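For reference, the structure discussed in these notes is given below.
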Amino acid sequence: MIQVQGLSKSYGQTRAVDDLSFEVRPGSVTGFLGPNGSGKTTTMRMLLGLDRPTAGRALVDGRPYAELAAPLRTLGALLDANAVHGGRTARGHLLCLSRSNGLPDRRVAEVLDQVGLAEVAGRRVRGFSLGMRQRLGVAAALLGDPPALLLDEPVNGLDPEGIRWIRTLLRGLAAEGRAVLVSSHLMTEMALTADHLVVIGRGRLLADSTLDDFIAEHGRPRLRVRAVDPEKLDRLMADTSLTASPAGDGAWEVAGVTGEEFARYAASHGVVLYEIASRQDSLEEAFMRMTADSVEYRAVAA
């Protein structure tokens, strides 16, 4: 299990992480979400012992990462796919890691094959694309066959096949009982991959819940309706006190009522409906609404 307990980190007067606590449990993929500058990378660096906390603890299997006897056997991590010596081959890079952690050399060939780099194992990393470097970083994280993994933006630079592969890999690792923490800005991928979400903003915990509970709490349920006579529906929506907005193609989106209630309301005004469907915000829409006050860098619309 990965545990963050009252974790804080300050840089001068700037509080990058502020009294943050959460757990990453075995058997699930936990999505670690937040706007740019929210403190996600700083938190992961403290989990790996790369930054010293101002207060609190970051633990893996009940101990700080720096105190683990065999780190790669306990927690596999990918923070920066470019943090590899360009003059080394893929095989050479992984051999250095495996031998420094007392792992058998055979694991190098196994993980290279697992991530699809077996055919380029002898090529120098400087010639790798970003997607290939990401795969090499995942291979390094898997090298010790660890029960816990920490991955920062693992789909960055991957093509559609690679994105599907990493999604399947993460789900499979969690199904084996491992604890998986993955940070990503791709909400669509998180919706397909994560079981649980930890959302932070300005260094503070905003949400710690299942994916479904997060969308139910922060999403916006509504109806999509269309009528046989679109002009009648337009007039009804113009006169109604309901919260409604046009959705294109003659359709309207209505909030605050059930499908049955709206059907009765439309019928009482002589409006015949031929479409009435319940809709729920996507993870992206729920996330944007929930973190609106925590965005540090906001562009101005043209």
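The values are calculated or read from the model by the stated rules, or taken from the named source; none is laboratory data. Remember, it's a predicted structure, so these values are computed and weren't measured experimentally. Don't worry about glycine lacking a Cβ; one is built from the backbone with ideal geometry, like all the others, and counts go over all protein chains shown.
In table form, for the structure just shown:
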item: Hits in segment 65-85 (condition: over 16 Å from Arg135 (Cβ atoms) and either in contact with a helix residue (DSSP H, G or I) (Cβ under 9 Å, 6 or more places away or on another chain) or not assigned by TED's automatic domain parsing to the domain that holds Val111 (or both)); result: Tyr65, Leu68, Pro71, Leu72, Thr74, Leu75, His85
item: Listing of helices (runs of 4 or more DSSP H) fully contained in segment 183-275 that carry 1 or more residues being at pLDDT 90 or above, under 22 Å from Pro154 (Cβ atoms) and not small (Gly, Ala, Ser); result: 187-193, 211-218
item: Conditions (1) hydroxyl-bearing (Ser, Thr, Tyr); (2) surrounded by 15 or more Cβ atoms within 10 Å (Cβ to Cβ); (3) in contact with a strand residue (DSSP E or B) (Cβ under 6 Å, 6 or more places away or on another chain): number failed by Thr240; result: (3)
item: Some residue of segment 145-165 being under 30 Å from Ser21 (Cβ atoms) and assigned to a helix (DSSP H, G or I); result: no
item: Where Asp281 falls short, out of the listed (1) in contact (Cβ under 8 Å) with a residue 60 or more places away in the chain; (2) touching a Ser or Thr at 6+ places or on another chain (Cβ under 6 Å); result: (2)
item: Single residue of segment 45-74 satisfying the filter (small (Gly, Ala, Ser) and closer than 12 Å to Gln5 by Cα) that is surrounded by the most Cβ atoms within 10 Å (Cβ to Cβ); result: Ala58
item: Counted residues, segment 19-44 - those being surrounded by fewer than 19 Cβ atoms within 10 Å (Cβ to Cβ) and either out of contact with any strand residue (DSSP E or B) (no Cβ under 9 Å at 6 or more places or on another chain) or of a type in the set (D, E, K, R) (or both); result: 4
item: Among the candidates Leu158, Leu181, Leu150, residue that is in contact with a Lys or Arg (Cβ under 9 Å, 6 or more places away or on another chain), farther than 30 Å from Ala255 by Cβ, touching a residue at least 24 places away in the same chain (Cβ under 8 Å) and not assigned by TED's automatic domain parsing to the domain that holds Val271; result: Leu158
item: When residues of segment 276-300 are limited to those that are assigned to a loop (DSSP other than H, G, I, E, B) and surrounded by 12 or more Cβ atoms within 10 Å (Cβ to Cβ), the one modelled with the lowest pLDDT; result: Val295
item: Strands (runs of 3 or more DSSP E) within segment 6-85 that include 1 or more residues free of Cβ contacts under 8 Å to residues at least 24 places away in the same chain; result: 14-24
